[in-house]
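I have placed the structure first, in the form of structure tokens, so that the comments after it can refer back to it.
The values are calculated or read from the model by the stated rules, or taken from the named source; none is laboratory data. Not measured: the values here are computed from a predicted model. No Cβ is skipped: glycine too gets one built from the backbone with ideal geometry, and neighbour counts run over all protein chains shown.
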Amino acid sequence: MGSWLFASCAFLWSSQSVAQSIDNVRVWPSADKTRVVFDLSAEPTYTYFTIFDNQPYRIVIDFQNTDNRVDLSKVDVASDVVKVIRPSGAPRPGTSRIVLEINAATAPDIFPLGPSGASGHRLVVDVAGATNISPQQPSTQASTPVISSEPRVPRTLDSVPIRPLVIAIDAGHGGRDPGSIGPAGTHEKIITLAVARKLAARINADPGMRAVLTRTGDQSLSLGQRTSVVRRERADFFVSLHADAFTTPQPRGASVWVLSKRRSDTELGRALENKERLSEELIDVEHILQDGEDDPYLNRAFLDMFRDNSMADGHEAATIILDQLGRVTNLHRNRPEGASFGVLSALRTPSVLVELGFISNPQKERLLINGNHQDRLANALYSGIREFFIRNPVAGTSLAESRIQMHVVARGESLSVIASRYRVSVDAIKQHNGLRSNTIRVGQQLEIPLGN
Ligand SMILES: [Zn+2]
């Protein structure tokens with residue numbers, strides 16, 4: 001009886017664990033090829049064939065025992081080589097058939113890649129052929145500065161659709177890893193998830209932003225699973241939430257961390273040594289590198305520039321977030337601190353790690369499990385992130401293109417404080433909102449007319 005139970009459980013378990021999924025599809029056109037990457041939950045089992053005797057020319061890929069979780073109609077296929085990516089009728093149950101319609105009868109280069117750096121299992125499809133990409137109109141990445149010394153000013157690019165800012169939120173710890181445990185038994189992983197969810201809800205209520213979470217439940221995540229969300233979702237910002245002390249045992253307030261220069265040098269060196277990661281990091285300047293693609297000096301120069309930009313941005317964002325957090329909780333230090341945290345390893349996305357408070361302090365523990373306090377922390381994080389992107393608009397995002405910003409009045413804010421933050425006049429705000437006096441109240445919603 002015992003062995004029968006064991007056998008049937010083992011069968012159920014294994015039949016579930018074998019099933020794979022396609023979790024994301026990315027398309028990278030460049031000057032000499034278009035690369036399509038399927039992100040998979042496990043090593044792919046696949047076959048493929050081509051149809052070149054009639055048009056449209058097709059590459060047909062069958063992923064065995066695989067569930068396709070990607071809405072292919074929403075994949076941005078801005079390539080002159082790969083015209084369409086669509087699902088097709090499966091030849092047998094459990095198989096996902098995906099068809100790539102291509103512009104010429106060119107044999108593709110198809111190969112799997114195992115997990116490396118921040119990426120998991122992938123199937124890569126390279127199709128030779130040029131896509132004309134103008135540097136002013138990046139079709140794959142609107143979030144990072146293109147080669148230009150000009151400041152990033154909001155501008156309307158007719159060919160680039162307006163998109164929301166993507167904010168990646170990482171709830172620290174989870175699953176088998178509880179994080180720190182408070183004197184009353186509270187697990188840090190519960191606090192980080194609660195605040196992450198509240199922050200995500202706040203962000204998703206803002207039409208200019210979209211939140212993605214590294215975990216939505218009590219799951220154990222590897223470092224790679226936490227960091228891969230940045231490139232998979234093309235996140236504009238990454239924030240990892242914690243409620244413990246990393247470096248010192250004594251009680252302390254909230255703090256915000258950025259990657260130290262030394263650790264980021266190490267990450268940069270790793271990226272240069274990893275051809276696949278390098279190609280991902282440099283994908284939107286490939287057309288500029290062209291002949292110099294294998295020039296290590298040029299690669300390094302680009303990576304250095306991207307890294308320096310994102311580190312400066314991360315530092316500025318951390319400073320603004322600290323200022324907001326200081327309004328709702330006490331701070332350990334009112335300046336960002338540098339540390340060697342692998343979770344902050346993204347080279348091109350501003351990334352911060354926030355310590356919400358110190359759970360092993362009994363008073364702080366009670367505060368951290370309080371829903372109202374969690375709301376205040378989430379609001380402070382949201383306001384800080386939003387303010388950073390108002391000061392540093394990302395071209396092509398709705399927040400940068402819109403000329404009206406909503407602002408919810410926080411405690412201690414006066415009209416002149418709000419006006420100077422958005423760099424508009426007090427009168428402009430009053431006029432726009434029909435205010436007769438300078439009196440405003442906490443929680444009041446104001447429309448801020450920008451760009452005047
Ligand atoms: Zn932690």
Please give the number of the condition R376 fails out of (1) assigned by TED's automatic domain parsing to the domain that holds L353; (2) surrounded by fewer than 17 Cβ atoms within 10 Å (Cβ to Cβ).
-> (2)
Condition met for R231 (away from the ligand (no atom under 16 Å from the Cβ) and either within 9 Å of the chain's Cα centre (by Cα) or among the β-branched types (V, I, T) (or both)) | yes
The residue from V354, V442, V426 that alone is exposed (fewer than 15 other Cβ atoms within 10 Å of the Cβ) and of a type in the set (A, V, I, L, M) is V442
Tell me, please, whether a residue that is touching a helix residue (DSSP H, G or I) at 6+ places or on another chain (Cβ under 6 Å), surrounded by 12 or more Cβ atoms within 10 Å (Cβ to Cβ), assigned by TED's automatic domain parsing to the domain that holds I22 and at pLDDT 80 or above can be found in segment 66-86.
-> yes
Condition met for A205 (more than 12 Å from the ligand (Cβ to nearest atom), out of contact with any Lys or Arg (no Cβ under 7 Å at 6 or more places or on another chain) and free of Cβ contacts under 8 Å to residues at least 12 places away in the same chain) | yes
If we only count strands (runs of 3 or more DSSP E) wholly inside segment 44-89, which ones have 1 or more residues that are of a type in the set (S, T, Y) and under 11 Å from I102 (Cα atoms)?
-> 46-51, 57-63
Test set (1) within 25 Å of A171 (Cα to Cα); (2) outside any helix (DSSP H, G or I) - G412 fails condition number = (1)
Candidates V343, V354, filtered to the one that is modelled with pLDDT of 90 or more and within 15 Å of the ligand (Cβ to nearest atom) = V354
If we keep just the residues of segment 241-273 that are assigned to a loop (DSSP other than H, G, I, E, B) and at pLDDT 80 or above, which is farthest from the ligand (Cβ to nearest atom)?
-> S260
Selection over segment 164-198 where residues are within 16 Å of the ligand (Cβ to nearest atom), not polar (S, T, N, Q) and not in a loop (DSSP other than H, G, I, E, B) yields a count of 15
For segment 199-209, enumerate the residues that are surrounded by fewer than 19 Cβ atoms within 10 Å (Cβ to Cβ) and not in a loop (DSSP other than H, G, I, E, B).
-> A201, N204
Determine whether segment 293-314 contains at least one residue that is at pLDDT 85 or above and not in a helix (DSSP H, G or I).
-> no
